Amino acid sequence: MPNSRYILRAAAPDAIGILADVAGYIARAGLNVIESQDFGDSDTARFFIWVEFESPDGFDRATFEAGFNALAEKRSMTWSLRRKADRPRALIMVSKGDHCLNDLLYRH
């Protein structure tokens, strides 16, 4: 499928250069970043990254994953990659009070 979008999620022990390593790998792979978010949690000393990117025709997911896995091992990173079109299943649980469900619905 041409120009498929993917979501990359990763978490690693917080250290200098993680974001640069991930962004550099994505750039070297010739992928176009659509959106990204990152967060360092000082309580757990972990760094979290979420990147949506668009892949060109001929994108080889297996090659991308093999190369990224090498980076992940270097950084002790856990990660996942999924196509954006493949929506994860979710379960929303709320208390019996209407305010909780209403709040979630209004936010969506």
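Read-outs: derived from the displayed coordinates by stated rules, not from any lab. Treat the numbers as computed from the prediction; the structure is a model and nothing was measured. Methodologically, a virtual Cβ is constructed for each residue, glycine included, from the backbone with ideal geometry; neighbour enumeration extends over all protein chains shown.
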Scanning segment 15-37 residue by residue, those of a type in the set (D, E, K, R) and free of Cβ contacts under 8 Å to residues at least 12 places away in the same chain turn out to be 28
Going through segment 1-30 in order, the residues found to be within 14 Å of residue 77 (Cβ to Cβ), in contact with a Lys or Arg (Cβ under 8 Å, 6 or more places away or on another chain), surrounded by 13 or more Cβ atoms within 10 Å (Cβ to Cβ) and not β-branched (Val, Ile, Thr) are 11, 12, 14, 21
Among residues of segment 58-81 being aromatic (Phe, Trp, Tyr) and assigned to a helix (DSSP H, G or I), the residue nearest to residue 6 (Cα to Cα) is 64
The correct count of residues that are surrounded by fewer than 14 Cβ atoms within 10 Å (Cβ to Cβ) and of a type outside the set (Asp, Glu) in segment 71-85 is 8
Matching residues in segment 41-56 (out of contact with any strand residue (DSSP E or B) (no Cβ under 8 Å at 6 or more places or on another chain) and either among the hydrophobic types (A, V, I, L, M, F, W, C) or closer than 18 Å to residue 17 by Cβ (or both)) number 1
Scanning segment 39-73 for residues that are touching a residue at least 40 places away in the same chain (Cβ under 8 Å) and under 12 Å from residue 13 (Cα atoms), the one farthest from the chain's Cα centre (by Cα) turns out to be 72
For segment 31-70 the number of residues that are surrounded by 12 or more Cβ atoms within 10 Å (Cβ to Cβ) and not β-branched (Val, Ile, Thr) is 21
Residues of segment 57-69 being over 17 Å from residue 21 (Cα atoms) and in contact with a strand residue (DSSP E or B) (Cβ under 8 Å, 6 or more places away or on another chain), in sequence order, are 61
